[in-house]
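Take a look at the structure below.
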Amino acid sequence: MKATINNSLTHYIDIGISTAMPVILIHGFPFSHKMWMMPGGQTEALAGTYHVIAYDVRGHGESEVGDGMYSIEFFADDLIGLMDHLNIQQAVVLGLSMGGYIALRAIQKNPERFKALVLCNTRAEADSNESKIKRAGAIRAIKTNGPKIFAQEMVKNLFAPASLETKQSAVKLIESTIERTAPLSLCGTELALASRTDSTPSLSSIKVPTLVMTGELDITVPPDASKAMKDAIPNSEFFVIPKAAHLSNMENADEFNKHLVEFFQKIA
Ligand code: MLT
């Protein structure tokens, strides 16, 4: 489905039980809603019980690329804009990595729109100087070599070494999603990520139940960063997903979904 949200055509899926608790899934960079839709994935695990919405962040998947002038601030406003469009007053919001940055900024601005929060493979801090310089290098590489080579290089760091062998359909899906993302969006999102605000000071104000999960082998956001974030959120729980790196929901969907479903049963 498509809707114009803050002047940008946004693609989303809206499945499950429309009268049940709404759950909104926000993908990481530079992926799409399809990362939740693998066989045995999160849409499959949740749609029988909940109202599930998974959308493509501006510039990603099938959503409009626009002018490439992005900010996590705009992405957070788009989340609330989509909720307004769907007449959803309150939802459980689940964000992975960039999706977590978006959720964290959105809950600071609109805490009343959140019933609960799930933060996966993500962190609260803004980029360090080292990360900002790395992002400049990534932009240079995208401009010089194009998205295909960028995608080939990126997947090597996203998945655990064993997942690269055993989860080939997930690896192919992610690689082709990155490769198909417009260079303008890849570069614009890198700048948005580099300029995001630090959510750390606001963690202690999060009032809703929060589930934090990460992959034991995540090198993009090391588990310590997720644990530090969990420790600062009052009503939170934390699980490390074994045999998984940055895409823990795809690399070990069974374990990921088990914690997700248990958490949802507690809060519903
Ligand atoms: C993501 O998966 O969204 C990215 O790793 C986020 C980032 O680059 O900080």
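The values are calculated or read from the model by the stated rules, or taken from the named source; none is laboratory data. As the structure is a prediction and not an experimental result, all values here were calculated from the model. Positions of Cβ are backbone-derived with ideal geometry, glycine not excepted, and every protein chain shown enters the neighbour counts. What goes into the accessible areas is simple: the full protein's heavy atoms, side chains included, and nothing from ligands, DNA or RNA. Shrake-Rupley method; radii C 1.70, N 1.55, O 1.52, S 1.80 Å.
Annotations
- Hey, residue 219 among the β-branched types (Val, Ile, Thr) and either closer than 15 Å to residue 247 by Cα or open to solvent by less than 20 Å² (accessible area, probe 1.4 Å) (or both) or not: yes
- Residue list for region 63-77, filter: in contact with a strand residue (DSSP E or B) (Cβ under 9 Å, 6 or more places away or on another chain) and closer than 20 Å to residue 124 by Cβ: 74, 75, 77
- Total residues in region 105-145 satisfying the condition of being assigned to a loop (DSSP other than H, G, I, E, B) and surrounded by 13 or more Cβ atoms within 10 Å (Cβ to Cβ): the figure is 8.
- Residue 2 vs. criteria touching a His at 6+ places or on another chain (Cβ under 7 Å), open to solvent by 50 Å² or more (accessible area, probe 1.4 Å) and closer than 27 Å to residue 184 by Cα: yes
- The set of residues in region 219-245 being farther than 16 Å from residue 118 by Cβ, within 13 Å of the ligand (Cβ to nearest atom) and assigned to a loop (DSSP other than H, G, I, E, B) consists of 219, 220, 222, 245.
- Looking across region 162-191, the residues that are buried (at least 16 other Cβ atoms within 10 Å of the Cβ), in contact with a Pro (Cβ under 9 Å, 6 or more places away or on another chain) and among the hydroxyl-bearing types (Ser, Thr, Tyr) come down to 177, 181, 185, 189.
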